[in-house]
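To start, the structure under review is shown below, and the notes come after it.
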Amino acid sequence: MSCGDHDHEHGTDCGGMSQPKLESFLFSCELSSKVPFYTFQGDEEEDLEHFLELRTVCIGEGAKEESNVLEVTAKNHLGKTISVPIAHLHINCLPMVSLGEFELKAPITIRLKAGTGPVTVSGLHLIASEASESDSEEEDDDEEMDEEIVPIMPAKKKQKS
């Protein structure tokens, strides 16, 4: 695995001594006129970072023929809170949008800016944590086992008499 590649069980960090561990869990929330927003916070533990990777946004059953606009509020690279519309859905022409792997760091608020929904947002809740020393030692043991494989010697050719 090269630098920049990501495994959902073990993250890759080419610069540090310990590699962060990355766990992923299914995420979904439904927004409507009754519940127009959802705030994703994550746990308050110091050694964990929480991310939300949004994948799809779709209009739910019983939606009216109206525009539904979805907006996300999060912090930018300067720490300033900004709001960005991410989907404009309509049941007749665009009932679902694929967002790819739209990843945001917690805290995040997802809001139904216009329309009454229901609109379902789905994706992955990612939790990054520093790998413990015991995890690193286990990985080192696995690597050492791989290195101890004895090479197979080539077969000797028979000499013609």
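Just to be sure before I move on: is Glu23 free of Cβ contacts under 8 Å to residues at least 60 places away in the same chain and among the charged types (D, E, K, R) in the structure I sent? Considered against the rule, which asks whether it is free of Cβ contacts under 8 Å to residues at least 60 places away in the same chain and among the charged types (D, E, K, R), Glu23 comes out as no.
Of all residues in the stretch 46-62, none satisfies the criterion of being polar (S, T, N, Q) and not in a strand (DSSP E or B).
Given Ser24, Ser32, which one is hydroxyl-bearing (Ser, Thr, Tyr), closer than 17 Å to Ser129 by Cβ and modelled with pLDDT of 90 or more? The conditions single out Ser24.
Confirm whether Thr39 is among the β-branched types (Val, Ile, Thr) and at pLDDT below 85. Here the answer is no, as Thr39 does not meet what is asked.
Of all residues in the stretch 91-105, those that are under 30 Å from His77 (Cβ atoms) have Cβ atoms under 8 Å from Cβ atoms of residues that are aromatic (Phe, Trp, Tyr) and in a strand (DSSP E or B), 6 or more apart or on another chain, in Glu103/Phe51; Leu104/Phe51; Lys105/Phe51. Just one of the listed residues (His77, His90) is modelled with pLDDT of 95 or more and open to solvent by 30 Å² or more (accessible area, probe 1.4 Å), namely His90.
Only a single item in (1) crowded, with 16+ Cβ neighbours inside 10 Å; (2) in contact with an Asp or Glu (Cβ under 6 Å, 6 or more places away or on another chain); (3) within 29 Å of Ser33 (Cβ to Cβ); (4) at pLDDT below 95 is not met by Ile127, and it is number (3). Looking at this structure, is Thr81 on the phi < 0 side of the Ramachandran plot and more than 22 Å from the chain's Cα centre (by Cα)? When the stated conditions are applied, Thr81 does not pass them. Kindly establish whether Leu70 is closer than 21 Å to Leu26 by Cα, at pLDDT below 95 and not in a loop (DSSP other than H, G, I, E, B). Considered against the rule, which asks whether it is closer than 21 Å to Leu26 by Cα, at pLDDT below 95 and not in a loop (DSSP other than H, G, I, E, B), Leu70 comes out as no.
The values are calculated or read from the model by the stated rules, or taken from the named source; none is laboratory data. Source: prediction; values computed, not measured. Neighbour counts are summed over all protein chains in view; Cβ atoms, including those assigned to glycine, are modelled from backbone coordinates with ideal geometry. These accessible areas exclude ligands, DNA and RNA; they are computed on the full protein's heavy atoms, side chains included. Shrake-Rupley method; radii C 1.70, N 1.55, O 1.52, S 1.80 Å.
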